[in-house]
1. In segment 159-211, how many are under 18 Å from THR135 (Cα atoms), outside any strand (DSSP E or B) and not hydrophobic (A, V, I, L, M, F, W, C)?
2. Looking at ILE48, ILE56 in this structure, which one is touching a helix residue (DSSP H, G or I) at 6+ places or on another chain (Cβ under 6 Å) and either over 20 Å from ARG81 (Cβ atoms) or of a type in the set (S, T, N, Q) (or both)?
3. Consider LEU79 carefully, then state whether it is surrounded by 10 or more Cβ atoms within 10 Å (Cβ to Cβ), over 29 Å from the mean Cα position of the chain (by Cα) and modelled with pLDDT under 80.
4. Could you say which residue among VAL200, VAL222 is within 22 Å of THR159 (Cα to Cα), β-branched (Val, Ile, Thr), in contact with a helix residue (DSSP H, G or I) (Cβ under 6 Å, 6 or more places away or on another chain) and touching a residue at least 60 places away in the same chain (Cβ under 8 Å)?
5. Restricting attention to segment 200-220, which residues are surrounded by 19 or more Cβ atoms within 10 Å (Cβ to Cβ) and over 33 Å from the mean Cα position of the chain (by Cα)?
6. Assuming ASP237 fulfils every condition listed in (1) within 34 Å of the chain's Cα centre (by Cα); (2) touching a residue at least 24 places away in the same chain (Cβ under 8 Å); (3) in a helix (DSSP H, G or I) apart from one, which condition is it?
7. Of all residues being modelled with pLDDT under 85, assigned to a loop (DSSP other than H, G, I, E, B) and of a type in the set (Ser, Thr, Tyr) in segment 14-49, which is surrounded by the fewest Cβ atoms within 10 Å (Cβ to Cβ)? Just the residue, please.
8. Search segment 50-76 for residues being over 54 Å from the mean Cα position of the chain (by Cα) and aliphatic (A, V, I, L, M), and hand back the single one that is modelled with the lowest pLDDT.
Amino acid sequence: MADEPTGNLDSKTGDIVMGTFQRLNEEKGSTIILITHEPDIAQYADRIIHIKDGVIIEDKKNKNRKIIPTHIAMTIHNLYRETISALLSNKSRSGLTVLGIVIGIASVIIMLAVGTGASNSITSSVSGLGSNLLTVSPGASRGPGSQVSGAAGSSQSLTRADATAIAGLSDVENVSPEVNSQQQIVAKSANTNVSVIGAVSIYPIVHNITMQEGSFITDKNVDSLMRVVVLGPTVSDDLFGVGAEAIGQTVRIDDQNYTVTGISAAKGGSGFQNPMTLCISLFPPPRR
């Protein structure tokens with residue numbers, strides 16, 4: 001359907017447009033519905049329908065149809081020439097149009113890039129914490145947007161036997177028993193308050209922890225009840241200084257000395273158990 005296709009065109013360009021319509025009709029079999037107020041333009045059609053006040057007053061076959069020679073119809077060369085002519089006839093309008101297109105495309109690209117970056121950042125943080133990680137805590141029921149705790153004295157402690165029972169479930173891949181507490185950790189003249197986790201050798205697999213240097217707690221450490229500790233990178237910097245050697249150093253936790261065996265690598269995460277600020281010791285912490 002073409003509504004006044006030649007209304008703002010000169011005669012030569014109008015002939016080119018009408019020739020293109022005729023070629024579409026003859027070569028492609030396309031039906032062109034042309035709406036015009038110009039009787040001369042209507043003469044290019046096979047059939048002419050006159051409409052007045054919404055009523056068809058005449059419908060006739062055009063026996064004197066005008067035929068545009070094939071060489072006048074719109075070709076790639078003509079299209080290119082007319083396009084360049086239209087762009088150059090109003091440089092300011094053309095320039096502003098191009099600028100608008102560039103700004104629009106750039107805005108979409110930037111928005112997509114920002115959205116993708118934010119999505120990747122969130123995904124990285126969630127993956128760093130463990131996207132398929134389920135935490136079981138004693139004496140509390142947690143759900144989305146709420147936390148319901150049992151009454152005072154009603155909490156039941158979890159035991160290693162509970163961890164063994166959970167590990168036996170068919171859909172559980174690994175179980176890492178842990179004890180969490182907030183402690184003051186001291187090394188020489190430096191000290192810092194951090195979250196201390198009593199853990200076993202499976203902990204880095206469950207929590208997706210990698211080592212920056214040294215080694216994590218081993219089964220041998222657990223069996224021999226050695227007082228060893230793995231520090232997060234931020235804790236290591238706070239206690240020994242940025243870039244200082246921490247492996248083999250001694251730190252004091254709850255009035256007991258622990259030997260540093262490793263420094264965990266930096267990773268995503270935030271809140272109470274940010275891997276950057278954790279201190280991971282033997283589970284359960286050996287007592288005197």
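1. Selection size over segment 159-211: 17.
2. Numbers: ILE56 fails: touching a helix residue (DSSP H, G or I) at 6+ places or on another chain (Cβ under 6 Å).
Within the list ILE48, ILE56, the selection yields ILE48.
3. Working: surrounded by 10 or more Cβ atoms within 10 Å (Cβ to Cβ): yes; over 29 Å from the mean Cα position of the chain (by Cα): yes; modelled with pLDDT under 80: yes.
When the stated conditions are applied, LEU79 passes them.
4. Working: VAL222 fails: in contact with a helix residue (DSSP H, G or I) (Cβ under 6 Å, 6 or more places away or on another chain).
That would be VAL200, the only listed residue that is within 22 Å of THR159 (Cα to Cα), β-branched (Val, Ile, Thr), in contact with a helix residue (DSSP H, G or I) (Cβ under 6 Å, 6 or more places away or on another chain) and touching a residue at least 60 places away in the same chain (Cβ under 8 Å).
5. Answer for segment 200-220, where residues must be surrounded by 19 or more Cβ atoms within 10 Å (Cβ to Cβ) and over 33 Å from the mean Cα position of the chain (by Cα): VAL200, ILE217.
6. With respect to (1) within 34 Å of the chain's Cα centre (by Cα); (2) touching a residue at least 24 places away in the same chain (Cβ under 8 Å); (3) in a helix (DSSP H, G or I), ASP237 is out only on (2).
7. Only one residue fits best here, namely SER30.
8. Here the answer is ILE68.
The values are calculated or read from the model by the stated rules, or taken from the named source; none is laboratory data. Please read all numbers here as calculations on a predicted model, not as lab measurements. Ideal geometry is used to build each Cβ from the backbone, glycine not excepted, and the neighbour counts take in all protein chains shown.
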